[in-house]
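Here is the structure we will look at.
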Amino acid sequence: MVSTLLLTLILLPVVLLGVVWSSVQYVPAGEGRLLVVSGEVRDVLESGVYFAPPFVSETYPIDFETMEYETPEPHPLPPELSADAERIASTDTETTDAEAAD
């Protein structure tokens, strides 16, 4: 009886500490992390302390200085730039055609 109570009093805090430890995510100032839960990207964590689901989440560091943003294809152009884009594209096509003819 005493050994079961003693085992519970020792084991329960250790298990709870493990759960809390695995769910707390700390991101230092000036850094970022990508939160992935069960293989699905959930959030971008900026500097601070966050709680994530224990045992099924991982974080990966992000370098904000070299990060590239992806845009959907086709990339929508503002109306005021579409005429310039078409002119540049036709000039590039004419230059490429002229170089191919030489």
**OP:** State whether the residues of the range 61-75 include one that is modelled with pLDDT of 85 or more and either of a type outside the set (F, W, Y) or out of contact with any strand residue (DSSP E or B) (no Cβ under 7 Å at 6 or more places or on another chain) (or both).
**Re:** yes
**OP:** For S38, work out the one condition from (1) surrounded by 12 or more Cβ atoms within 10 Å (Cβ to Cβ); (2) modelled with pLDDT of 85 or more; (3) polar (S, T, N, Q) it doesn't fulfil.
**Re:** (1)
Subject >> Residue count, the range 1-52 (criterion: assigned to a strand (DSSP E or B) and more than 27 Å from D63 (Cα to Cα)) >> reply: 0
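The values are calculated or read from the model by the stated rules, or taken from the named source; none is laboratory data. The structure displayed is predicted, hence computed values, not measured ones. Cβ atoms come from the backbone with ideal geometry, glycine included; neighbour counts cover every protein chain shown.
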